[in-house]
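> Quick one: the structure is below, questions incoming.
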Amino acid sequence: MTHVGKRLRHFRKNLRMTQEELAVGICNRSYVSQIEKGNVIPSPEILDQLAKRLQTDLKELWTESEAQLGFSEVEIQNALRHIVNRLEANDMEISRKWLFKLKGQQLRPQDQTVYLWAKAELAQYDQRFEDVGELLLNSIQIAREVDDPISLVRSLQSLGYFYGMTRQAKKAIPLLNEALQVVNRYEIGGLLRISLLYTSAKMHGNLEEYYSAIELLNQAVSLNEAYGTMYKSAHIYMGLAICHLHLQNFEHAETYNLLALEVLQIIPDEKLIANTYNNLGILYRVTSRHEQAEVYLLKSLEILQKLDQKHWTNNATSELAQLYKDMGQIIKARDLCESIITNKTTPHLLAETNLTYAEILAECDEHAQALYHLEQALAYFSEEQLDQYAVKSYKLLVKLGIKSEQPETVTRLVGLYK
């Protein structure tokens with residue numbers, strides 16, 4: 001009998017409850033019997049329901065000591081399968097419980113690849129960005145050594161997505177290209193292929209290759225239709241909306257954002273809803289519908305702050321700062337930029353904010369400070385070869401070169417980053 005089986009039987013007996021009474025509406029009697037005998041280890045979802053029926057807490061049945069017991073290979077495989085399924089369903093808390101369940105277990109190399117990938121996905125969700133890269137690189141290395149194409153593609157695309165999110169295009173491209181080659185070589189389909197198409201499209205978008213991104217996203221839409229699924233549909237529609245926004249197809253951009261919100265009514269995800277509101281705010285700002293833009297950006301911020309999503313809160317705050325700058329509300333815009341610089345999360349967002357802040361300072365004729373923040377932005381955009389932002393930065397540099405009393409600083413910046 002396992003620890004959890006003993007605890008379950010102890011609480012049931014104390015309440016003078018039969019196995020049938022404990023199981024009703026949750027599972028069948030024989031399953032309770034198998035748990036108590038130690039023949040199966042229940043999922044966290046079922047165990048949580050059983051704990052409530054026994055008028056106790058989950059931790060009283062499933063303590064950390066349980067995680068240290070040796071599991072059979074079948075039990076480990078079952079746990080890993082649940083972890084993958086829950087992560088694909090974006091159910092982070094159940095995934096976290098399953099990972100905890102495997103803590104301290106001796107895993108085979110091919111199992112370690114899945115375990116490390118799952119830890120990285122949760123680290124990214126928790127915004128522990130400093131842990132993500134190392135976990136995924138270790139997972140990729142092991143997957144290559146054991147020749148596990150599914151795990152390899154999964155970790156390659158996750159690392160590509162992470163680098164894409166943090167605007168590290170040069171690092172992401174070879175990883176996603178390798179993943180696409182593996183997918184084609186082994187004819188891998190299903191949800192993993194959809195996910196890879198979405199991630200690759202996101203990277204093409206980051207490289208300003210919007211037509212290529214749209215083609216990949218449309219392939220993902222077609223696969224979902226063929227499979228009868230809605231996997232990552234909200235993400236996909238949001239991606240299409242962003243591409244069309246950059247191509248100035250504003251009606252298409254609005255349509256796809258609204259389609260994303262329709263999907264999110266069926267499959268709710270507060271963070272994605274907030275990000276879609278943020279995208280609508282950007283669209284309305286770009287098209288000079290300032291009042292609508294402010295409404296959606298504030299709605300986005302309200303949700304993200306409630307969720308304690310620091311990075312995405314900063315991202316929405318940056319968009320709101322740009323909106324207030326466009327509206328001539330300079331004091332509000334300055335305060336928001338300063339808050340992001342103080343609470344920075346990623347180098348790209350910090351660079352964007354420094355550029356916006358430099359533009360605001362230039363309008364206030366604070367040229368020395370504007371040049372300081374512009375230099376911080378230019379250093380990043382030039383190193384990462386982000387032409388769209390670099391061009392915008394150089395336009396401001398030219399403007400400051402005319403107005404500034406520090407021509408030597410302007411000359412130095414041109415020389416450093418040309």
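> Which one of these does N78 not meet: (1) assigned to a helix (DSSP H, G or I); (2) among the polar types (S, T, N, Q); (3) touching a Leu at 6+ places or on another chain (Cβ under 9 Å)?
(3)
> Give the residues of segment 294-318 that are without any contact (Cβ under 8 Å) to a residue 40 or more places away in the chain and surrounded by fewer than 17 Cβ atoms within 10 Å (Cβ to Cβ), sorted by residue number.
V295, L298, E302, Q305, K306, L307, D308
> Same structure, new question: Do you know which of the residues in segment 205-220 that are part of a helix (DSSP H, G or I) and hydrophobic (A, V, I, L, M, F, W, C) is surrounded by the most Cβ atoms within 10 Å (Cβ to Cβ)?
Once the filter is applied, the top-ranked residue is L217.
> From the list L50, L15, L22, which residue is under 27 Å from R81 (Cα atoms) and in contact (Cβ under 8 Å) with a residue 40 or more places away in the chain?
Of L50, L15, L22, the one residue that is under 27 Å from R81 (Cα atoms) and in contact (Cβ under 8 Å) with a residue 40 or more places away in the chain is L50.
> Output yes when any residue across segment 291-314 is closer than 25 Å to L396 by Cα and in contact with a His (Cβ under 9 Å, 6 or more places away or on another chain), and no when none is.
No, there is no match, as no residue in segment 291-314 is closer than 25 Å to L396 by Cα and in contact with a His (Cβ under 9 Å, 6 or more places away or on another chain).
> Say we look at segment 378-393 and pick out the residues that are in a helix (DSSP H, G or I) and of a type in the set (A, V, I, L, M, F, W, C); which of these is farthest from the chain's Cα centre (by Cα)?
The extreme case among them is V391.
> While we're on this one: As an exercise: evaluate R285 against (1) among the charged types (D, E, K, R); (2) in contact with an Asp or Glu (Cβ under 8 Å, 6 or more places away or on another chain); (3) within 30 Å of L192 (Cβ to Cβ) and give the number of the one condition it does not meet.
So R285 meets the others, but not (3).
> Only one of A253, A213, A226 is out of contact with any Leu (no Cβ under 9 Å at 6 or more places or on another chain) and not hydroxyl-bearing (S, T, Y); which?
Numbers: A253 fails: out of contact with any Leu (no Cβ under 9 Å at 6 or more places or on another chain); A213 fails: out of contact with any Leu (no Cβ under 9 Å at 6 or more places or on another chain).
Only one candidate passes the filter, namely A226.
> Restricting the search to segment 341-354, which residues are touching a Phe, Trp or Tyr at 6+ places or on another chain (Cβ under 9 Å) and either among the polar types (S, T, N, Q) or surrounded by fewer than 23 Cβ atoms within 10 Å (Cβ to Cβ) (or both)?
We begin by selecting, within segment 341-354, every residue touching a Phe, Trp or Tyr at 6+ places or on another chain (Cβ under 9 Å); these are 341, 345-348, 350-352, 354.
Across segment 341-354, the qualifying residues are I341, T345, T346, P347, H348, L350, N354.
> Do we find a residue being touching a residue at least 60 places away in the same chain (Cβ under 8 Å) and not assigned by TED's automatic domain parsing to the domain that holds N315 anywhere in segment 102-110?
No, that holds for no residue.
> If Y231 satisfies all but one of (1) in a helix (DSSP H, G or I); (2) touching a residue at least 12 places away in the same chain (Cβ under 8 Å), what's the number of the condition it fails?
Going through the list (1) in a helix (DSSP H, G or I); (2) touching a residue at least 12 places away in the same chain (Cβ under 8 Å), Y231 breaks only (1).
> Kindly establish whether I331 is exposed (fewer than 15 other Cβ atoms within 10 Å of the Cβ), part of a helix (DSSP H, G or I) and of a type in the set (A, V, I, L, M, F, W, C).
Numbers: exposed (fewer than 15 other Cβ atoms within 10 Å of the Cβ): yes; part of a helix (DSSP H, G or I): yes; of a type in the set (A, V, I, L, M, F, W, C): yes.
So I331 fits the description; yes.
> Taking into account only those residues within segment 19-57 that are part of a loop (DSSP other than H, G, I, E, B) and touching a Lys or Arg at 6+ places or on another chain (Cβ under 8 Å), which is nearest to K101 (Cα to Cα)?
I41
> In this structure, does L176 turn out to be surrounded by fewer than 21 Cβ atoms within 10 Å (Cβ to Cβ), at pLDDT below 95 and in contact with a helix residue (DSSP H, G or I) (Cβ under 7 Å, 6 or more places away or on another chain)?
Judged against the criteria, L176 is not a match.
> Across segment 250-286, which residue is farthest from L301 (Cα to Cα) among those that are surrounded by fewer than 17 Cβ atoms within 10 Å (Cβ to Cβ) and among the polar types (S, T, N, Q)?
T255
> Can you go through E375, E291, E338 and tell me which one is surrounded by fewer than 21 Cβ atoms within 10 Å (Cβ to Cβ), part of a helix (DSSP H, G or I) and modelled with pLDDT under 90?
Values: E291 fails: modelled with pLDDT under 90; E338 fails: modelled with pLDDT under 90.
Being surrounded by fewer than 21 Cβ atoms within 10 Å (Cβ to Cβ), part of a helix (DSSP H, G or I) and modelled with pLDDT under 90 holds for just one of E375, E291, E338, which is E375.
> What do you reckon, is S200 surrounded by 21 or more Cβ atoms within 10 Å (Cβ to Cβ) and outside the structural domain of S158 (by TED's automatic domain parsing)?
Considered against the rule, which asks whether it is surrounded by 21 or more Cβ atoms within 10 Å (Cβ to Cβ) and outside the structural domain of S158 (by TED's automatic domain parsing), S200 comes out as yes.
> Still on this model: Considering only segment 142-162, how many residues are crowded, with 24+ Cβ neighbours inside 10 Å and within 19 Å of E209 (Cα to Cα)?
Qualifying residue count for the region: 3.
> Quick check on S233: is it farther than 23 Å from Q168 by Cβ, touching a Ser or Thr at 6+ places or on another chain (Cβ under 9 Å) and buried (at least 21 other Cβ atoms within 10 Å of the Cβ)?
No; evaluated as a whole, the condition is false for this residue.
The values are calculated or read from the model by the stated rules, or taken from the named source; none is laboratory data. Keep in mind that this is a model prediction, so the values were computed, not measured. Positions of Cβ are backbone-derived with ideal geometry, glycine not excepted, and every protein chain shown enters the neighbour counts.
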